[in-house]
Amino acid sequence: MKTHNNYDIQASITENTHKFDIDEMTLEQIVAANEERNTLLKNSQHYNPITGEGCCGPRVQRTVKIDNEIDGNYWIPTAMATELDSEPCTNRLQWELLRIKHDFEFWCATCVNILDKVSGRLVNLILNRPQRRVLQVLEDQRNAGKPLRLIMLKARQWGGSTLVQIYMAWIQMVLKTNWNSLICGHLLQTSAAIKSMYERALRNYPKHLTVDGKKPTLLAFEGSRHVRQLSGSESLVISGSARSQDSVRGYDIKMAHLTEVAFWPTTLLYSPDEVIRSIGGTIPLEPLTMLVLESTANGVGNYFHEEWIRSKSGQSDKEAVFVPWYEIEIYRLYVASVEQLVSEMDDYEKWLWQDCHCTLEMINWYHHKRREYPNHSMMAAEFPTTDIEAFTSTSTNVFTTQMVERMRHATTMPVKRGDIVARGMKSLDGLNFVESENGPLEMWKWPENNTPRNRYIVAVDVGGSTQGSDWSVIAVLDRHLGEENLDSKRPEVVAQWRGHIHHDHLAWKAAQIARYYNNALLVIESNSIESQGEVGELIFKQIMAVYNNVYRRKDSKNGEFKPGFQTNRKTKTSAIYNLIAYVRDGSYIERDKKAVDEMACYELKPDGKGYGARRGKHDDILMTRAIAMMIIEEMRLTSGHSRAINPDFFVKKGSLF
């Protein structure tokens, strides 16, 4: 028994060739290395779905007899071989029926017609390499008896949607009856286009392989324009859209193909995650049930991007699949002069050679294709090399995907969760940490004793007290003052409180946490509190009467110092500029995944005036980082003694972008 395939060719090249630095190679060495890579590619390209050579899944080689004559040698799925051993086929029809039951690739090559995009003719569906790589994921899940769950990031048109839809058709036509499927796109036209692919595949289906000897068709069902019934199977094929979910309700759905999910709109009535949760909730966790999300990238911070990140990290039920441009076989271009190509390669193209192990023919295609685009970002949006590049190149967010993903690597689960309690809500006496599973305070590091003044910074973003309002967030950052090798230390998030609470209680909670962290410098965003007039003034007076290490700002009108950090257009722009620099340069350590998620959704507003979270998202945690980093930067520049900020200083640092 063996798995008789080789789809991830670049991995094969990596395993069988050295990591060459093209700048250190002679022309002869480059040519020899390229020939070796092309040889590996050529040797892996032998694919015959009729004989089973190069096909996916565990297979065994068998000499097959049909009608008492040797028909040939085939690589057949091991499950088929087991069934064949117990009940040998006596004629060709039995053989074909057994084969299509176990071998999807054979079924595609003999039973399914698609429209060839180059010639415009109907041709048998012979899967290309990217399609076979996606199929491998589905077949691994199917053979393991698992529900089929997949998220696919697409780049250009290589047939990903075709593969998913035809695989669903195979399950409905060959393996199951009364097995309803849903096709749902961001527009109904998208779903209709995919359904037409299904209909085309049925037109030339072999009659002798059907149950009733009739060519299968999609029949009208109960007068619905969006529901069809597959003849001979009794399975329904339902079309819907993210904009009109009512058309898909009330059906027992076993499989769902959700396409272009990144473009599904968020409105006041519904959001993509709510729609998908509703659809997914109807699909049972059984073998041969199927849920596939696929899309091209559409920036970061949307549902599809967030689900992609979850799937990559193993936190989702779906397996993530991305196919880079260089795995698509048509993207090759003959190299007339190796010397000229190498001399013209920039650092990115050299990276394609060294780290992606592309051949010169792949790089030559990329080299010439880039000339069609005014900048590399536009090229990368159409032909991404990595999934991160795909999302970045289609994003208008403040923080690039590279920045966000680098920050994400340091995030981790808190060590403890609970809350800081005192003898009373408005008291700093008897402070103690009380652990609780759902407490609002997450702690990654405990405060250290005998630390220098203002080693810890506590930044507060003020939200609302009701469940539907913005969150209030209290963030604690460690500046690592007084430690050895301080130059190598970066500010680090060590604790965070997040919840809904009245403003006066929030101020006291922040003071309690600041006291607990060695009398940290307490920086409270003051806008919401000051908007309450005398009540707001009283809140600050009560806090400062018992806690004197509160950040104060200089009033531009009268020169007086007032408690709290006031967020206005000028200070917010300055704070975001500064935070971008800290994130870009990796100058602080983020521990909370939620903070990184907020960065992924933070954008410059369409009118170009101001920053904010994408619709339906939050930026409360992010703003505590922006405020804290602005204070830390000012303290760094003034040797840690300043308690007042000059926003003009940061505005002038526009080069931080």
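The values are calculated or read from the model by the stated rules, or taken from the named source; none is laboratory data. All values reported here derive from a predicted model rather than from experimental measurement. Every residue, glycine among them, receives a Cβ derived from its backbone with ideal geometry; neighbour counts consider all protein chains shown.
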**OP:** Search the range 234-253 for residues being within 15 Å of G281 (Cα to Cα) and within 26 Å of the chain's Cα centre (by Cα), and hand back the single one that is modelled with the highest pLDDT.
**Re:** I253
**OP:** Answer yes or no as to whether D478 is out of contact with any Lys or Arg (no Cβ under 6 Å at 6 or more places or on another chain) and among the acidic types (D, E).
**Re:** yes
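A quick yes/no check of all residues on (1) under 20 Å from H500 (Cβ atoms); (2) assigned to a strand (DSSP E or B); (3) modelled with pLDDT of 95 or more; (4) of a type in the set (G, A, S):
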residue	(1), (2), (3), (4)
R423	no, no, no, no
N438	yes, no, no, no
R453	no, no, no, no
A459	yes, yes, yes, yes
**OP:** Mind listing whichever residues of the range 318-334 are surrounded by 15 or more Cβ atoms within 10 Å (Cβ to Cβ) and in contact (Cβ under 8 Å) with a residue 40 or more places away in the chain?
**Re:** K318, E319, A320, V321, F322, V323, P324, W325, Y326, E327, I328, Y331
Subject >> Filtered residues of the range 117-141 (kept if under 23 Å from R310 (Cβ atoms) and in contact with a strand residue (DSSP E or B) (Cβ under 6 Å, 6 or more places away or on another chain)) >> reply: V134, V137, L138, Q141
**OP:** Working carefully through the options N568, N527, N578, find the one that is under 15 Å from L506 (Cα atoms), under 42 Å from the mean Cα position of the chain (by Cα) and either buried (at least 18 other Cβ atoms within 10 Å of the Cβ) or in the same structural domain as A514 (by TED's automatic domain parsing) (or both).
**Re:** N527
Subject >> Qualifying position, being part of a helix (DSSP H, G or I), acidic (D, E) and surrounded by 21 or more Cβ atoms within 10 Å (Cβ to Cβ), among E294, E307, E339 >> reply: E307
Original post:
Picking from T82, T63, T90, which residue would you name as being of a type in the set (S, T, Y) and part of a helix (DSSP H, G or I)?
Top reply: T82
**OP:** Run N432 past the list (1) within 22 Å of Y577 (Cα to Cα); (2) more than 32 Å from the chain's Cα centre (by Cα); (3) of a type in the set (S, T, N, Q) and report the number of the one that doesn't hold.
**Re:** (1)
Original post:
Do the conditions hold for K617, that is, is it among the charged types (D, E, K, R) and in contact with a Pro (Cβ under 6 Å, 6 or more places away or on another chain)?
Top reply: no
Original post:
Among the residues of the range 423-460, how many are closer than 29 Å to M630 by Cβ and in contact with a helix residue (DSSP H, G or I) (Cβ under 8 Å, 6 or more places away or on another chain)?
Top reply: 12
Subject >> Answer residue from the range 262-290, given it is among the aliphatic types (A, V, I, L, M) and under 25 Å from T401 (Cβ atoms) and is surrounded by the most Cβ atoms within 10 Å (Cβ to Cβ) among those >> reply: A262
Original post:
In the range 115-149, what residues are surrounded by fewer than 21 Cβ atoms within 10 Å (Cβ to Cβ) and assigned to a strand (DSSP E or B)?
Top reply: L115, L122, V123, N124
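Given the condition without any contact (Cβ under 8 Å) to a residue 40 or more places away in the chain, more than 30 Å from A381 (Cα to Cα) and in contact with a strand residue (DSSP E or B) (Cβ under 8 Å, 6 or more places away or on another chain), answer yes or no: does some residue in the range 99-116 qualify?
yes
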Original post:
Residues of the range 197-223 being small (G, A, S), exposed (fewer than 15 other Cβ atoms within 10 Å of the Cβ) and at pLDDT 75 or above, which ones?
Top reply: A220
**OP:** Taking T400 as the residue in question, decide whether it is closer than 26 Å to I151 by Cβ, of a type outside the set (D, E, K, R) and modelled with pLDDT of 90 or more.
**Re:** no
**OP:** Starting from the range 125-152, keep only residues that are under 25 Å from N298 (Cα atoms), then list their pairs with residues that are in a strand (DSSP E or B) and of a type in the set (V, I, T) whose Cβ atoms are within a distance under 6 Å, requiring at least 6 positions of separation or different chains.
**Re:** V134/V321; V137/V321; L150/V292; M152/V321
Subject >> Unique residue being at pLDDT below 95 and in a loop (DSSP other than H, G, I, E, B) when the list is T385, T392 >> reply: T385
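Taking the range 342-358 as the search range and keeping residues that are part of a loop (DSSP other than H, G, I, E, B) and over 28 Å from the mean Cα position of the chain (by Cα), which one is nearest to E35 (Cα to Cα)?
So in the range 342-358, the residues part of a loop (DSSP other than H, G, I, E, B) come out as 345-346, 355-358.
After this cut, where a residue has to be over 28 Å from the mean Cα position of the chain (by Cα) as well, the list is 345-346.
Values: M345: 19, D346: 22 Å.
Residue satisfying both the conditions and the ranking: M345.
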Subject >> Filtered residues of the range 93-114 (kept if among the hydrophobic types (A, V, I, L, M, F, W, C) and outside any loop (DSSP other than H, G, I, E, B)) >> reply: L93, W95, L97, L98, I100, F104, F106, W107, C108, A109, C111, I114
Original post:
Going through the range 440-451 one residue at a time, which ones are surrounded by 13 or more Cβ atoms within 10 Å (Cβ to Cβ) and part of a loop (DSSP other than H, G, I, E, B)?
Top reply: P440, W444, K445, W446, P447, E448, T451
Subject >> The one condition in (1) farther than 22 Å from Y198 by Cα; (2) modelled with pLDDT under 90 that P284 fails to fulfil >> reply: (2)
Original post:
For the range 512-598, which fully contained strands (runs of 3 or more DSSP E) count at least 2 residues that are more than 21 Å from L441 (Cα to Cα)?
Top reply: 552-554, 561-563
Subject >> Failed condition for D419, given (1) in a helix (DSSP H, G or I); (2) modelled with pLDDT of 95 or more; (3) not hydrophobic (A, V, I, L, M, F, W, C) >> reply: (1)
